[in-house]
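Encoded as structure tokens, the structure appears first; notes follow it.
Any read-out appearing in this document is the output of simple, stated calculations on the displayed coordinates, not a laboratory observation. As the structure is a prediction and not an experimental result, all values here were calculated from the model. Cβ placement follows ideal geometry from the backbone for every residue including glycine, while neighbour counts extend to all protein chains displayed.
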Amino acid sequence: MNEFNGVININDYYSDETFARIKAFADKRETPFVVIDLPTIARAYDELVGEFDYADVYYAVKANPAVDILTLLRDRGANFDIASRYELDKVMGLGVTAERISYGNTIKKARDVRYFYERGVRLFATDSESDLEAIAREAPGAKVYVRVLTEGTLTADWPLSRKFGCETEMAMELLIQARELGLEPYGVSFHVGSQQREIGAWDAALAKVKVIFDRLRDEQDIVLQMINMGGGFPANYISRTNDLATYAEEITRFLQEDFGTEFPRIIIEPGRSLIANAGVLVSEVVLISRKSRTALSRWVFVDVGKFSGLIETLDESIKYPVYTEKDGEDEGCVLAGPTCDSADIMYENFKYPLPLSLAAGDRLYWLSTGAYTTSYSAVEFNGFPPLVEYCIS
Ligand SMILES: Cc1ncc(COP(=O)(O)O)c(C=O)c1O
């Protein structure tokens, strides 16, 4: 995609055919809602599997837990990265077996570890001693992988690294302790941050993993089996990224540099990159106003906001492409949601150029909104219902 010049060109995001399909469906319904185009997800999955043909894909369910999406990915052979017992029930309720599941959340109650174990799950992430002890108690003999801290916070649009993971030394200690506790020290994971635009972040993370693999083998006789490279692969927003093929090529080269031609088992956990581009959030302009007669920018209030799916606009982190069918002269505006909460402003510093002809009742299409929208939407803030979602094929 080109650098943003104020004009949203639909074809940078969707083929004419796909957008026509989404729009034909959307035109008949009252806003706000998200339309998810399932064929787009199928294509993204096939592309990912093609590019990373040596890796096992574990879909990060949190990105969008819609049954139609889970079913599509189940049928294409995906595995699932699960964050809670509720996601587990949902995925297993669709017939996914325990061998296709990883409990990827490092923050969990001991009784939830037991819940997973009783249902047959044997693959657990950890990053702390107390969680490791809980796994040893509640899931005896399970495989554990330790998540390490990564750099890359500044180049990820939605960083994840500070809250999860531990330092390299501690990761080694935990893997040694895992063996002492009767668990199987299985591997190392990392997440370089979601929508990571600096591919070198995987290089730095893999270098850490390599140290852990080598030292545990040489000093402890522990031969680790698996690297979980997390998510972080790109969706198509306004800020530019490389394409997936470039990510795959570079990351594969980093792996080869560190591990030669015989890779350990490689897992990836895509969320955003699989789902985001398939979604279009359709909203309606509620009100347009100015704060004074001479104010240079308009406030455009729409019927969706931070509490109805657009929480990733916090700190204006994710910049969704916003499309309107109105045209003519543009002017930068502040884009805000409908609730009585002053935090409910999506973009204020980054002034979205929208046509001066835009009026209440017009629709704004928020492109690439398939991931981390519906699953974040509040239940009843200001009485507004959760964001409605339709999956179409
Ligand atoms: C453990 C884990 N794996 C994978 C993902 C998915 O990351 P992304 O959406 O960047 O692909 C997340 C996102 O929060 C995560 O927490």
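Taking other C-beta atoms within 10 Å as the exposure proxy, 259, 307 rank 259, 307 from fewest upward. When the Cα positions of 224, 299, 182 are compared along the charge dipole of region 170-306, 299 comes out farthest toward the positive end, with charges on each C-beta of Lys, Arg, Asp and Glu. Kindly state, to the nearest 0.05, the FRET efficiency for residue 342 paired with residue 12, given R0 = 56 Å and r defined as their beta-carbon distance. According to the calculation, E is roughly 0.95. Principal semi-axes of the equivalent ellipsoid, √(5λ) from the alpha carbon gyration tensor of the chain, are 40, 21, 20 Å from largest down.
Put simply, when 75-82, 8-15 are sorted by average Cβ atoms within 10 angstrom per residue, most first, you get 75-82, 8-15. Here region 173-214 is scanned for amide nitrogen atoms under 19 Å from the site 7 Å beyond the Cα of residue 98 along Cα-to-Cβ, giving 182-186. The relative contact order of the chain comes to 20 percent, based on Cα pairs under 8 Å that sit 6 or more residues apart.
Averaged over residues, the count of other Cβ atoms within 10 Å places the peptides 231-242, 382-393 in the sequence 231-242, 382-393, highest first. Secondary structure note: in the chain, about 40% of the DSSP beta bridges are antiparallel.
Placing +1 on each Lys and Arg Cβ and -1 on each Asp and Glu Cβ, with no other charges, gives the chain a dipole about its Cα centre of roughly 960 debye.
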